[in-house]
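Data first, discussion second: the structure below is written as structure tokens.
The values are calculated or read from the model by the stated rules, or taken from the named source; none is laboratory data. What you are looking at is a predicted structure, and each value in this text was computed from that prediction instead of being measured. Positions of Cβ are generated from backbone atoms using ideal geometry, with glycine treated the same way; all protein chains shown enter the neighbour counts. Areas reflect the complete protein model, heavy atoms only, side chains present, ligands, DNA and RNA absent. Shrake-Rupley method; radii C 1.70, N 1.55, O 1.52, S 1.80 Å.
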Amino acid sequence: MSRFRSILRSSLDATKKALTWSADDLMPPSEKYVFKFNSKEELKRWHLYSDSEYGGLSSASLEIKDAGNGLTGVFSGNLSLDVTEGLKINRSGFCGMRSKKYSFSCTQFDGYIDLDAYDTLAMKLKGDGRCYISTIYTENWVNHPGQPEDNSWQAFVFVPKDDWYIAKIPLERYLPTWRGNVIDSKLEMNPSRIVGMSLSVNAEGGFRGAKTGPGDFKVEMEWIKALRM
């Protein structure tokens, strides 16, 4: 009897939602903010990672800066190819910042980042001439062999030095990856079930002409938006 009541309640809730749909539900706005880097509270939604977790010597920080016309987030640090003496690791010279996972239960999916109505991710950045990596993490509902973690999709982002720049990356350009390597898979991104995003930087690799090698890095961030182009 309780199961029947539960089903009935869910049906009534769905009906109420349908009756209260607005124009935005039928045709979402052409753009929406995903993240804003304008307060210390917003930065708490992110955590840092680097090769130092495996014995490397790279370091990173994430801070708020007053840019004069508003607050921005600053992701900066130092990329090192050195490792702690006596340790051997497969890869060094990388740092990243990743959004903390949205909380959800098995019956409530509103904790996901839903970009199903959009086709492009945009980021307003001011950098150092390095090439960064934008990653989108989606729920691993396919259970790819050997990959029990979230599915990850990556694209390069070149950030010009000293000038604000809006990078626009079509979602279709994000490639499925496994531990930083593109995988030969027929997986398709499910943009309605995004569980997080990250921005990272490597000492080596990226676009031709971009700054590479060990040393300091710094990128300022104002926002991340979803666009319907």
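Key figures
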quantity: Two-decimal log10 I(q)/I(0) for segment 151-229, as the Debye equation yields it once each C-alpha is a single scatterer, q = 0.11, 0.16, 0.19, 0.27 Å⁻¹; calculated: -0.36, -0.76, -1.05, -1.58
quantity: Distance (nanometres) between label positions extended 7 Å along Cα→Cβ at Glu63 and Lys44; calculated: 2.0
quantity: Solvent-accessible area of Tyr54 with every protein chain in place, 1.4 Å probe, in Å² to the nearest 10; calculated: 130
quantity: Accessible-area ranking of Glu204, Glu220, largest first, probe 1.4 Å; calculated: Glu204, Glu220
quantity: Where labels lie 7 Å past Cα in the beta-carbon direction, separation of Arg208 and Tyr33 in nm; calculated: 4.0
quantity: Per residue accessible area in Å² of segment 163-229, where ligands, DNA and RNA are left out and the probe is 1.4 Å; calculated: 58
quantity: Cβ-Cβ FRET estimate between Trp178 and Glu85, R0 fixed at 25 Å, reported to 0.05; calculated: 0.25
